[in-house]
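Q: The structure under discussion is supplied below as structure tokens; questions concerning it will follow.
The values are calculated or read from the model by the stated rules, or taken from the named source; none is laboratory data. Values in this document were obtained by computation on a predicted structure and should not be read as measured data. Note: ideal-geometry Cβ built from the backbone for every residue, glycine included; neighbour counts use all protein chains shown. With ligands, DNA and RNA removed, areas are computed over all heavy atoms of the protein, side chains included. Shrake-Rupley method; radii C 1.70, N 1.55, O 1.52, S 1.80 Å.
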Amino acid sequence: QVQLVESGGGLVQAGGSLRLSCAASGSIFRIDVMGWYRQAPGKQRELVASINTYGSTNYADSAKGRFTISRDNAKNTMYLQLNSLKPEDTAVYLCNVRANLRDYWGKGTLVTVSE
């Protein structure tokens with residue numbers, strides 16, 4: 001089993017920044033793609049950004065130029081730097097990891113952006 005714990009969410013004013021972390025622990029043999037998703041109230045879950053083992057990244061259009069995903073393979077940890085935040089970025093941000101050929105989800109961390 002693999003456990004994921006997200007941290008770093010909170011309340012921030014529009015234009016502000018936050019840094020989210022996702023730490024994976026447990027019986028980890030191999031981690032492939034790691035990704036951040038978000039789900040706002042009443043909306044579907046959507047991919048924000050992903051990063052593979054080699055550091056190649058993929059971003060949603062809404063994240064390009066403002067968010068940066070990174071990972072530390074030695075620590076089995078992924079990060080998401082959120083800059084220039086907008087009220088529409090308000091959501092629960094969830095960590096997704098493909099490890100040991102299975103998908104795992106964290107419980108999420110809430111990001112609230114005020115006007």
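One line per residue, one yes/no per condition, for (1) without any contact (Cβ under 8 Å) to a residue 60 or more places away in the chain; (2) hydrophobic (A, V, I, L, M, F, W, C):
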{"site": "Arg19", "(1), (2)": "no, no"}
{"site": "Pro41", "(1), (2)": "yes, no"}
{"site": "Leu94", "(1), (2)": "no, yes"}
{"site": "Lys107", "(1), (2)": "no, no"}
{"site": "Val113", "(1), (2)": "no, yes"}
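Q: Do any strands (runs of 3 or more DSSP E) lying entirely in the range 1-85 carry at least 3 residues that are out of contact with any helix residue (DSSP H, G or I) (no Cβ under 6 Å at 6 or more places or on another chain) and more than 17 Å from Leu110 (Cα to Cα), and which ones are they?
A: Those strands (runs of 3 or more DSSP E) span 18-26, 31-39, 57-59, 67-72.
Q: Filter the range 22-49 for residues that are among the polar types (S, T, N, Q) and within 17 Å of Asp89 (Cα to Cα); which is surrounded by the fewest Cβ atoms within 10 Å (Cβ to Cβ)?
A: Going through the qualifying residues, I end up with Gln44.
Q: With the condition kept exactly as written, say whether any residue in the range 78-94 is more than 10 Å from the chain's Cα centre (by Cα), surrounded by 13 or more Cβ atoms within 10 Å (Cβ to Cβ) and farther than 22 Å from Glu115 by Cβ.
A: no
Q: The conditions are (1) surrounded by fewer than 18 Cβ atoms within 10 Å (Cβ to Cβ); (2) over 12 Å from the mean Cα position of the chain (by Cα); (3) not in a strand (DSSP E or B), and Asp103 fails exactly one of them. Which is it?
A: In the conditions (1) surrounded by fewer than 18 Cβ atoms within 10 Å (Cβ to Cβ); (2) over 12 Å from the mean Cα position of the chain (by Cα); (3) not in a strand (DSSP E or B), Asp103 misses (3) alone.
Q: Taking the residues in the range 63-77 that are touching a residue at least 24 places away in the same chain (Cβ under 8 Å) and of a type in the set (S, T, N, Q) as candidates, determine which candidate is least open to solvent (accessible area, probe 1.4 Å).
A: Thr77
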